[in-house]
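Every number in this text was worked out from the coordinates using simple rules, so none of it is lab data. Note that the coordinates shown come from a computational prediction; the quantities given were computed from them, not determined experimentally. Backbone-built Cβ (ideal geometry, glycine too); neighbour counts: all protein chains shown.
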Amino acid sequence: MIKMEQENERKRKKEYKKKEYRKKRIRRKRIRRLLFVGSLLLTALIFYFVGNCFATLNAGTANVQSPERKKDKPAPEQKEEKTKTDEKKTESSGQGQLQEENRQNQLVDEARGIYQNGQALLVLVNKERELFSDYDANLSYICNKRLQASADLKEDLTKMLSGGKKAGYTFWIASAWRSSKRQQKLLEAEVTKNIKKGMSSEAALNKSMETVMPAGHSEHETGLALDILCSDNLKMDETQETAGGNIWLREHCAEYGFVLRYPKEKAEITNIAYEPWHFRYVGRDAAVFMTQNNLTLEEFYDLLEK
Ligand SMILES: [Zn+2]
């Protein structure tokens with residue numbers, strides 16, 4: 001009997017243990033499920049936050065760029081600065097204008113002074129302006145009496161030629177003073193040459209007058225103009241400008257009172273084609289002034305009339 005009870009007791013205990021064990025297993029399963037669901041939720045949360053962070057970062061970058069995009073519409077402060085800058089610009093351009101006016105006035109005064117002291121040397125002869133009939137060229141022989149020119153240029157011409165010689169250059173003066181008769185004959189010869197080339201009389205005259213002036217309109221009649229060729233190139237054409245002697249002349253002629261009378265870039269002002277060989281005596285002060293200010297004789301006269 002006791003044995004049976006003991007046996008029953010043992011069975012109950014065993015049953016109890018089994019039940020407890022099942023309960024524990026069920027609990028463990030629940031815990032595992034909870035952990036699984038929890039980890040799922042945690043992962044989802046992590047993804048959510050990471051996604052949000054990227055979105056914020058992108059938005060931040062966009063904000064950094066946006067002020068540049070707004071450049072078209074300046075902020076009020078910028079507008080104020082711009083107005084100040086504009087005012088300064090207007091002020092400085094006003095000052096610039098004033099400086100330019102002062103510079104022009106100074107030039108005019110200087111030109112008038114030079115003209116008053118040496119107007120005989122500044123006589124202007126061109127296509128439009130004829131040499132006055134009672135003009136006295138004050139002639140003197142030059143180049144061993146081969147040519148005549150104004151006595152006023154003789155001394156400076158001698159100095160210029162010797163300056164060139166010291167620099168290693170020798171020159172040939174092809175033409176100096178011409179009488180009006182001689183000038184007219186030169187023009188007629190040029191017209192005949194062009195007619196022979198097949199031009200009409202009118203076209204031939206127009207073409208000839210690009211390089212040869214009619215009587216009364218050539219600088220050579222003043223005795224103040226010289227056609228100076230380099231001894232190593234006696235062609236009276238544009239090849240002169242590359243000759244060393246011509247380059248030296250153009251650089252130094254103003255020191256001796258001469259100017260290159262028909263520069264390449266001033267053909268529209270002088271109304272004469274470029275002549276690298278044609279030098280005009282205007283006196284030292286005028287030559288330096290005209291060269292420093294890049295003025296032709298026509299432009300010098302424009303200054304006098306201001
Ligand atoms: Zn000439």
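Beyond 26 Å between alpha-carbons counts as too far, so tell me which of LYS145/LYS181; LYS145/LYS235; LYS154/LYS207; LYS145/LYS207; LYS207/LYS235; LYS196/LYS235 fall in that bin. Can you show the working numbers first?
On the way: LYS145/LYS181 20 Å; LYS145/LYS235 22 Å; LYS154/LYS207 33 Å; LYS145/LYS207 33 Å; LYS207/LYS235 20 Å; LYS196/LYS235 22 Å.
Beyond 26 Å between Cα atoms: LYS154/LYS207; LYS145/LYS207.
Along the Cα→Cβ direction, 7 angstrom out, place labels at LYS11 and LYS193. What is the inter-label distance in nm?
Roughly 15.2 nm, to one decimal.
Using the 10 angstrom Cβ neighbour count as an exposure proxy, how do LEU249, LEU98, LEU124, LEU131 rank, fewest first?
LEU98, LEU124, LEU131, LEU249
Using Cα-Cα distances under 8 Å and only pairs 6 or more residues apart, what relative contact order does the stretch 197-306 have, in percent?
Computed over the stretch 197-306, the figure is 25 percent.
Using Cβ counts within 10 Å as a stand-in for footprinting exposure, how do ARG28, ARG261 rank, fewest first? Mind dumping the intermediate values first?
Values: ARG28 10, ARG261 22.
Result, fewest neighbours first: ARG28, ARG261.
How much net charge surrounds CYS143 when only other residues with a Cβ under 14 Å from its Cβ are counted (Lys, Arg +1; Asp, Glu -1)?
Working: positive: LYS145, ARG146, LYS154; negative: ASP227.
Taking every other residue near CYS143 into account, the sum is +2.
Given contacts defined as C-alpha pairs under 8 Å and at least six residues apart, what's the relative contact order of the stretch 82-232, whole-number percent? Walk me through the numbers on the way to the answer.
Numbers: 149 pairs, mean separation 44.1, N = 151.
Answer for the stretch 82-232 is 29 percent.
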